[in-house]
Every structure is written in C-alpha cells, then in structure tokens.
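Student: Right, I'll just put the structure down here and ask away after.
The values are calculated or read from the model by the stated rules, or taken from the named source; none is laboratory data. All values reported here derive from a predicted model rather than from experimental measurement. With ideal geometry, Cβ positions are generated from the backbone for all residues, glycine too; neighbour counts draw on all protein chains shown. We work out accessible area using only protein heavy atoms, side chains counted, and drop any ligands, DNA or RNA first. Shrake-Rupley method; radii C 1.70, N 1.55, O 1.52, S 1.80 Å.
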Amino acid sequence: MNEARRRVLQLAVPAAVLGVAAATRLIGLEQPGDLVFDETYYVKDAESLRQLGYEGRWPEGANELWAAGTPGSPGELPSFVAHPPLGKWIIALGLSALGPENPAGWRLGTAVAGVVLVGLVMLLAHLLLGRLVLTGIAGLLIAVDGNAIVMSRVALLDGVLTLLIVLAVILVVLDRRQARTDLARWLDDRRASEPPRSTDWGPAFWGRPWLVAAGVTFGLAVGVKWSALYLLAAFGLLTVIADTIDRRRAGVALWASGTLLRQAPISFVLMIPSAAAAHLLTWWGWFTTSGGYERDRVVTDENRLPGILGALPDSLQNWWAYQTTIYGYHVGESSPHNYEAPAIGWPLLLRPTYMHYTDLGDGTAEAITGIPNPLIWWGAVAAVIALTALLVVHAIRALRSRPGPTLPANGWAIAVVLTGVAAGWLPWLLYPDRTIFFFYTIVLTPFLVLALTIALGAVLGRPDAPAPRRAVGGTIVIGMLAIVVAVSVFFLPLWTGIPTPIELIQLRYWLPSWI
C-alpha cells in the first residue's frame, strides 16, 4: 500500500465509523417525548444545576410538565441525590444548547458523549494494537452495539462515566510508553558513564505528566459515579505491576523492591491527590452556593470531624457528612425492581434493562431496552475467557523459563483489556443483595469490544502472514462483521424506540428473561 492511500484510509476509516456512531445516536433523539427510566432524576437534576447550581426539589407532577414542553423550575429546597454532579452538568450542556422544553436537549449531552466514546475506543485500540484494520473493527463494534447506543440516547450518567474511564485508560497507556522510553534512557546513561553508575534499584521518575492527567481524569469519572474508584485502583495497581515487569526485563537487579519502595510511592503521589482534587472540583456548584443538601448544616462539637480534621472549614465538613450519607444509601440500597440484574448473570446476558415501553394502541409499540448486540456480547465474553486462559498459561510457563502459547496481542494490551473488564465487573459481585442493573455494563463494553477485536485480529492473521492465510482470515472476519451489523439493524427498533409491530418486537426476545 502506498503512503498516499494509507493516509486516506487513516482518515476515512475513523470518519466512516464516527458517521455510523453519530447516525445511530443522534437521529430521532427527541423520541420518546417523555422522561424515560432514570431520566426522571438526572434530567431534572441537570436543569436544577443549571438554574440553582445545586439539585433542588421538583414539585409533584413535574414529569408531566416536562412531557408537555413546559418544565418550569425546581423549588429552592435541596434534594438528596445519590451521585456526584459532573454527569448531570454534561446533561445540562445539552439543555442549554437546545432548551429544556426539547426532548432532544435532554439527551444531547449523553449522545455527543456516546459519539466521542467511539472515537476514544478507536484511539485506545490504535495505541494498544497498532493496526488500522483493528482500530476500525473496534470502532465499528462499539458503534453498532445496542448497549452503547441506548446509553447514548437516554440521559443517564453511565455513558459519560464510560467516556471518562476510557480517556483515563488512554492516558495510562501513554504513560506506559513514556515510562519505558525514560527507563531505557536512564539505564543507557548510567551504564555509559565513566565509571558506570549503579542501576540496582532502578530509577524514581517524578516527571510522568500522563500519569497525573490519568489521575485527574479518573477523579472526574468518580465525579460522575463512585464506581470509577474501582477502575482507578485497578489501573493504578496495573501501573505499578507494569513498572515492575519493565524493570525486570531491562535488567534492573532489585526490580521488585526498587519499584515498590521507590517508584510506587511516587506514582501514588502523582495519581491519587490529583484524582482527589479533580473530584472535589466537580462539586464546585455545591460549594459556591448555599442551598445544596447538607450545605447549611451547623457544625458543632458533637458532629465535628475528629482530631486535626476538625479544623477544616465547615463547608468541607458538611461536604464530608453528605458523602457519608450517600455511602449509606449505596450500601443499603436493596429495593426490588423488575429489571434488577445481579452481576453474576451479566456474562450470560440474562436480564437487560427495559427503559421504556408504550403500547400505541394500533398494534405497534415504542420500546427501548439496553440489550447489547448479542453476537458482540457473547463473542466478547468468550474472547475474555480465552485471553485470560492464554495469559495465565503464558505467564506460568514464562516463570518456568519455558516457551508459552503465542499471544494474539502483546501482553500489555491484553492486560489493559482484562483489567478494564475485571475492575468493571468483579466488584459488583461483592454486593449480591444490592439492587443492580445490567446497564452498568456499559463501563465494560469498550474493553469487551477490544477483547473481541483482539480475537478477530487473530482470525485475520498477522500483517506478515502469507497472502492466502490473510485472504482466508479476511473473508471470515468480513463475514462475521456483516452478520454483526445485520443483527444490529434487526435490533435497532428496540434501541431507538421506533414504533414497531408488537409481534416483531417479541421476535427480538431471544431469551424469556429479556421481556
């Protein structure tokens, strides 16, 4: 392939995928014209933030007023809310752009976030896998996936959360590139000096701006939903493990203790305080107004924080009291719901979240349900299982100095993907009694898509594989992608609320538990 054609494809492939993402997320965004599922909380909270700077209470019957295009205003009394404000501020941007009387404005912020997410997934795929064809495949898979489409077209928080998490992971990947370059340069400089200087303990790098940026972005993600804390912890730990492995491979004598005692504390200082500061900043509306929940609580000797923390300003003490109230809500939330979906059943796709259903009375209905493209979901779950098994076997054999199975991608790329899946899923298994919904899996979707992309890349064959092998692999992958797209077209009415004959809606319930 000549250079001019390569450059055209490097622009055309992402542009085409983003076009598909924009079409599936923006067309018909004004339908349905009433608040669906948890939009009843987040859209009204977003308008309250826009008007008051904090979440106020809406009067009875507010949903009907919103559906009529006359939303009005919230009262000044504060409302308790269970999630930080940043995601609602993103929704508020759409309200500002199109007006709160326009249902498209309710969802514009999350829809644009959904399109940007597709672009970020392609960027992450490019950084990890380095092949344009795999970049395009990853983007296409998430562009046509039902869970990703629905979570863009409904004004919930989880799509914004996912965007920030993927952006943070991109920054972690960029930090890894810089850390490896800096390590090689540091070792070369010390070994080339006269006399050679010791490298036994390895370096301690403070100059890691990508890691600081990752901390900030994870902190912003926590400012959307607290569940981002699990991913912050997981990718922080992955960074330390990667530093350890890189130093071992580079020949640093005390690679383990040197990393743990020298670099790990520095990485913590670079990442965690920046995350905390960014998260605190997302509450700026609560701090700069006086009407928010717990904002005007009177601090006394009985409720003051203990020890030196008691010297903190009253605003910070009240904010901390608010956070403890939110925590109590989350750990105690167990209200039964028709569409609750325990995390243990997520891999099997047992109970997707039905968000809207209206029988139109003429044999048709509007339906919106967060069913992923089943082929993408189940294929990605199988890919995760296969990658996990391969990586474990490879690691065990490497420890025994024996050749292991050939990995379909570099170990770092697989580790990033599996870390994202594990951190987005495993913590929810700790709360079997909590009310949990399947749409939380949107945080997993980018990493599942990347796992499936790696598997399809193995089918496709390496770029240097013989031409007949690549031709067969290409034919198989193109056929598989064509079937995936066809299935997405089939399910599109259930993702967009297009009026559809009820009997045809029922054809899309592949499992009884999907109803």
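Student: Using a probe of 1.4 angstrom, how much of the accessible area of the chain is carbon and sulfur, in percent?
Tutor: Ligands and nucleic acids excluded, carbon and sulfur reach 66 percent.
Student: Shifting gears a bit: Ignoring the sites themselves, what is the longest stretch of the chain with no GluC sites (Glu not before Pro) in a DSSP loop and at most 15 other beta-carbon atoms within 10 Å?
Tutor: The longest uninterrupted stretch comes out as 102-301.
Student: Where only protein heavy atoms count, and the probe is 1.4 Å, what is the accessible area per residue for the chain in Å²?
Tutor: For the chain, the solvent-accessible area averages 44 Å² per residue.
Student: Could you list, bin by bin from short to long, the percent of Cα-Cα pairs of region 248-405 in 10 Å steps?
Tutor: 7, 15, 17, 24, 22, 11, 2, 0
Student: Per the Kirkwood treatment, what hydrodynamic radius in Å, one decimal, follows for region 47-178 from the mean inverse distance over all distinct Cα pairs?
Tutor: The answer is 16.4 Å.
Student: For the pair residue 486/residue 240, report the inter-label distance in nm, with labels modelled 7 Å from Cα in the Cβ direction.
Tutor: Rounded to a tenth, the inter-label distance reads 5.0 nm.
Student: In whole Å, largest first, what are the principal axis extents of the Cα atoms in region 325-456?
Tutor: Projected onto the principal axes, the Cα atoms of region 325-456 cover 66, 42, 18 Å.
Student: So what does the Cα-only Debye profile of the chain read at q = 0.05, 0.07, 0.13 Å⁻¹, as log10 I(q)/I(0), no solvent term?
Tutor: -0.22, -0.43, -1.35
Student: Further, regarding this structure: Scan the chain and note any complete DSSP helix (H) whose C-alpha atoms cover at least 30 Å along its axis and whose Kyte-Doolittle average is 0.0 or more.
Tutor: Qualifying helices: 3-26, 103-129, 158-192, 228-249, 374-399, 467-496.
Student: Compute the Kirkwood hydrodynamic radius of region 325-382, taking the inverse of the mean of 1/r over all pairs of distinct Cα atoms, and give it in Å to one decimal.
Tutor: Value: 14.2 Å, from the Cα pair sum.
Student: Still on this structure, I have one more. Divide by every residue of the chain the summed helix terms, -39500 (n - 2.57) for each DSSP H run of at least 4, and state the resulting mean residue ellipticity at 222 nm, rounded to the nearest 500 deg cm²/dmol.
Tutor: Mean residue ellipticity, 222 nm, calculated: -20500 deg cm²/dmol.
Student: Now for a separate question. Over the alpha-carbon set of region 1-113, work out the extent along each principal axis and list the three values in angstrom, largest first.
Tutor: 65, 27, 21
Student: As an exercise, identify the trypsin sites (Lys or Arg not before Pro) in region 383-454 lying in DSSP coil whose Cβ has no more than 10 other Cβ atoms within 10 Å.
Tutor: On the way: sites: 397, 400, 434; in loops: 400, 434.
Passing both the DSSP loop test and the Cβ count: 400.
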